[in-house]
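Scroll down for the structure; my scribbles are underneath it.
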């Protein structure tokens, strides 16, 4: 899904227009998307190539299909995955950055902070396994391509030049009932593997347990307004206990270094931050 903002900035509306690439399915996904205001939704019907499993390549291909459907009269594209939400409190900062860098050719994208929720809406993952930043706004430049499994982007094979902004993506991908999250993980593995490797990963997903945590902490902030109904209707329980987190010696040393020097060693960064 690609959410677009027009080059008229006097009124900030995240849903000025939405391009959605809808793959073939046996459920009511297409009908649901069609039920949204047709003046704001452009649907790109597509067929996923299940043979492109190496590294989740099919996810990038589908992202590019939506991106390529964006017309040239849009300056910026906001790329939001289905389990991600932006908080309305960040809209002014997002708008400020888009205004500031719209005509700056050196800046190709805007970099967001991340909160990864775990099990329920009350806990976030803080281990080194979670990525802390990612590009979620990019210039409408078709030389930019979705990279690997669609988490980030590249231009002519190089990392995008980006500016960090004080805005956060709320990632809810791991807030599901236990049985649902097991199915999600199984489906996810099918996009990356086949043969014996797929069978092995599917077997491991059946043993998924939310209590098997590395590091979490209590979330003390507010959720986006659009999430309030879902949060109030949560009807499952998972055992999430921050005190039960387990760390290897290596993790303890790296966490200690990060706490003292405010720098994360060996962090993967699919972008180049411009000063």
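The values are calculated or read from the model by the stated rules, or taken from the named source; none is laboratory data. Given the structure is predicted, the values throughout are model-derived calculations rather than measurements. Neighbour counts run over all protein chains shown; Cβ positions are idealised from the backbone, glycine included.
Residues that are surrounded by fewer than 21 Cβ atoms within 10 Å (Cβ to Cβ), at pLDDT 90 or above and over 16 Å from the mean Cα position of the chain (by Cα): list the strands (runs of 3 or more DSSP E) wholly contained in segment 111-192 that include at least 3 such residues.
Answer list for segment 111-192: 161-174.
Select from segment 36-51 the residues that are modelled with pLDDT of 85 or more and more than 19 Å from residue 71 (Cα to Cα) and write down the one among them that is surrounded by the most Cβ atoms within 10 Å (Cβ to Cβ).
48
Within segment 225-249, which residues are in a helix (DSSP H, G or I), loosely packed, with under 11 Cβ neighbours inside 10 Å and at pLDDT below 90?
Initial filter on segment 225-249 (in a helix (DSSP H, G or I)): 225-232, 242-244, 249.
Subset that is loosely packed, with under 11 Cβ neighbours inside 10 Å: 229, 232, 243, 249.
Within segment 225-249, 243, 249 meet the criteria.
Exactly one condition in (1) more than 26 Å from residue 197 (Cβ to Cβ); (2) under 16 Å from the mean Cα position of the chain (by Cα); (3) part of a helix (DSSP H, G or I) is not met by residue 62; state its number.
That leaves (1) as the condition not met.
Would you check if residue 86 is in contact with a strand residue (DSSP E or B) (Cβ under 6 Å, 6 or more places away or on another chain), at pLDDT 90 or above and farther than 25 Å from residue 105 by Cβ?
Values: in contact with a strand residue (DSSP E or B) (Cβ under 6 Å, 6 or more places away or on another chain): no; at pLDDT 90 or above: yes; farther than 25 Å from residue 105 by Cβ: yes.
Here the answer is no, as residue 86 does not meet what is asked.
Within 15 Å of residue 127 (Cβ to Cβ) and within 21 Å of the chain's Cα centre (by Cα) - does that describe any residue in segment 249-265?
Within segment 249-265 (the criterion being within 15 Å of residue 127 (Cβ to Cβ) and within 21 Å of the chain's Cα centre (by Cα)), the answer is yes, since at least one residue qualifies.
Taking segment 250-271, which residues are exposed (fewer than 13 other Cβ atoms within 10 Å of the Cβ) and closer than 30 Å to residue 166 by Cα?
Here is the first cut: in segment 250-271, the residues exposed (fewer than 13 other Cβ atoms within 10 Å of the Cβ) are 250, 252-253, 256, 259-263, 265-268.
Passing the criteria: 252, 253, 256, 259, 260, 261, 262, 263, 265, 266, 267, 268.
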